[in-house]
Amino acid sequence: MLIAIVGRPNVGKSTLFNLLVRENRAIVGPQRGITRDRIYGRWVIDEDTSVDIVDTGGYDSLAGGQIELSMRDQTLLAIREADIIICLLDARGGITADDLALVRILRSSDADVLYVANKVDDPAAAEGAAQLYELGIEGFIDISAVNNRIGKLADAVRERLANHPTQAVQDASAIRVSILGRPNVGKSMLINRITGSERSIVSPIPGTTRDYVDIRITHQDKDYVFIDTAGVRRRSHIDDRLEKVSVMRSIHNVEHAQVSLCVMDATEPLTDQDRTLLNIVMDYGRACAIIMNKSDLIDAEQKTAIREKMKLVLRYAPDVPLLFTSALTGKQVIKVFPLIDTLYTKTTTEVQTAVLNKVLQEAANKMHPPAVKGRRVKLFYITQTGTAPPYFRIVSNHPDLIPESYTRYLSAAIKKGCGLEGIPIKIHFVGK
């Protein structure tokens, strides 16, 4: 489920975004040369509810410069792509022409919109928000992002989510594989090699992207559905807008897949966008492999250097498999299928409870959970509660006191003991 925050500049979108994802991230304009953090995040509303959040540039109805046009395009893209829109308005700043234009667009669209009045620091004195009713909209949700007063917004999102049933996955009998990669890494040619057909992946019009394409094929009596979201990038001032297109589409792409292939260019250094796509996959817990394309252009020594570099980059996921291919020559492309099969088998594995508890006991005996403030932490038992990714629930006397470092230790022990190396798993601690 994808939620986008839209609104004119300076209404507090980035403040709200940072609050929801519980991190301070620099979400700034697309000027060339500025380093930015990820433009999306995960909003954990409660233990059972989480959604993806995308921040957009400010909507400027009178945009004239390249930066302003790009920010406006981000907003229009969000309206088309997101499942729910949070339209943020400034309760203290009054109604502007940008507000009127944006609301007019939202009304004419099919978007599911929550209209939110920000900067209502005192709910008992919300006179500023009253003027927003001049927009002809009822039911504003008043919040104060700077004061962490967003309870009404969280309640409203929960209610909307109840009316957004999870999309049924088509071709349930097939392995669903998302193909991710920034533009110009050879993803379209790789898709053609895998599917055995020539397909026009990118639009000939600069600045546009294709819709999702599901490509079903059969290989050695097994069915696969490759989920492709192709993008284009022209090396000009529109690069940032297209990067945001790619990221937003990739979120949906990964959500409906069981295995993800992150395609990279073996002849180029790892980029921020490569890391962003990997982070999306990891956040979703999808079984993943890195496909280093264009490997026909590098030698064995360069491949070794890339492997060592990736170990450092992927220190949070060192067991992600890496495959060198050449979509141009077809070299090693056939190995994609057994790699997908292995990842799918592992991520859908249901481990016997007896095996799990033996692994947990051995891991805990080898390294006891650290005591916190003099309180001894005990791990009673473990069960598996889901697949793709495998979810494990561990019962403890102090589930809130287990440090992240020990969780990583247990994750590595469970992977090794249960044959789940190379895929992410999720661990959740609960009380008795």
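Does Thr387 satisfy being hydroxyl-bearing (Ser, Thr, Tyr), farther than 24 Å from Ile191 by Cβ, within 30 Å of the chain's Cα centre (by Cα) and surrounded by 14 or more Cβ atoms within 10 Å (Cβ to Cβ)? Spell out the reasoning first.
Working: hydroxyl-bearing (Ser, Thr, Tyr): yes; farther than 24 Å from Ile191 by Cβ: yes; within 30 Å of the chain's Cα centre (by Cα): yes; surrounded by 14 or more Cβ atoms within 10 Å (Cβ to Cβ): yes.
Spelling it out, Thr387 is indeed hydroxyl-bearing (Ser, Thr, Tyr), farther than 24 Å from Ile191 by Cβ, within 30 Å of the chain's Cα centre (by Cα) and surrounded by 14 or more Cβ atoms within 10 Å (Cβ to Cβ).
Cβ-Cβ contacts under 9 Å between residues 6 or more apart (or on different chains), taken from a first residue in the stretch 405-432 that is in the same structural domain as Tyr381 (by TED's automatic domain parsing) and aromatic (Phe, Trp, Tyr) to a second residue that is surrounded by 19 or more Cβ atoms within 10 Å (Cβ to Cβ) and part of a helix (DSSP H, G or I), are listed as Tyr409/Ala363. The number of residues in the stretch 271-287 being within 26 Å of Glu301 (Cβ to Cβ) and either surrounded by 16 or more Cβ atoms within 10 Å (Cβ to Cβ) or touching a Cys at 6+ places or on another chain (Cβ under 7 Å) (or both) comes to 2.
Does Leu360 satisfy the criteria of being in contact (Cβ under 8 Å) with a residue 40 or more places away in the chain, on the phi < 0 side of the Ramachandran plot, assigned to a helix (DSSP H, G or I) and not assigned by TED's automatic domain parsing to the domain that holds Val263? So Leu360 passes the test. Screening Gly374 with (1) in contact with a Pro (Cβ under 9 Å, 6 or more places away or on another chain); (2) at positive phi gives one miss only, at (1).
Residue-wise test of (1) surrounded by fewer than 16 Cβ atoms within 10 Å (Cβ to Cβ); (2) not hydroxyl-bearing (Ser, Thr, Tyr).
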site	(1), (2)
Lys303	yes, yes
Met310	no, yes
Arg315	yes, yes
Val320	no, yes
Thr329	yes, no
Ile334	yes, yes
Leu339	no, yes
Thr345	yes, no
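Taken together, Arg233, Arg241 contain a single residue that is in a loop (DSSP other than H, G, I, E, B) and either modelled with pLDDT under 85 or not acidic (Asp, Glu) (or both), which is Arg233. Of the residues making up the stretch 263-313, those that are out of contact with any Pro (no Cβ under 8 Å at 6 or more places or on another chain) and part of a loop (DSSP other than H, G, I, E, B) are Ala266, Thr267, Glu268, Pro269, Leu270, Thr271, Lys294, Ile298, Asp299. The residue of the stretch 130-157 that is surrounded by the fewest Cβ atoms within 10 Å (Cβ to Cβ), among those that are among the aliphatic types (A, V, I, L, M) and farther than 25 Å from Arg104 by Cβ, is Val146. Flag: Asp274 does not match the condition of being out of contact with any strand residue (DSSP E or B) (no Cβ under 6 Å at 6 or more places or on another chain), at pLDDT 85 or above and of a type outside the set (Ser, Thr, Tyr). Please indicate, with yes or no, whether at least one residue in the stretch 339-357 is more than 15 Å from Glu421 (Cα to Cα) and in contact with a Leu (Cβ under 7 Å, 6 or more places away or on another chain). Looking through the stretch 339-357, none of the residues is more than 15 Å from Glu421 (Cα to Cα) and in contact with a Leu (Cβ under 7 Å, 6 or more places away or on another chain). Would it be correct to say that Leu114 is under 22 Å from Ile150 (Cα atoms) and either touching a Phe, Trp or Tyr at 6+ places or on another chain (Cβ under 8 Å) or crowded, with 22+ Cβ neighbours inside 10 Å (or both)? No, not satisfied.
The values are calculated or read from the model by the stated rules, or taken from the named source; none is laboratory data. If you're wondering where the values come from, they're calculated on a predicted model, not measured in any experiment. Positions of Cβ are backbone-derived with ideal geometry, glycine not excepted, and every protein chain shown enters the neighbour counts.
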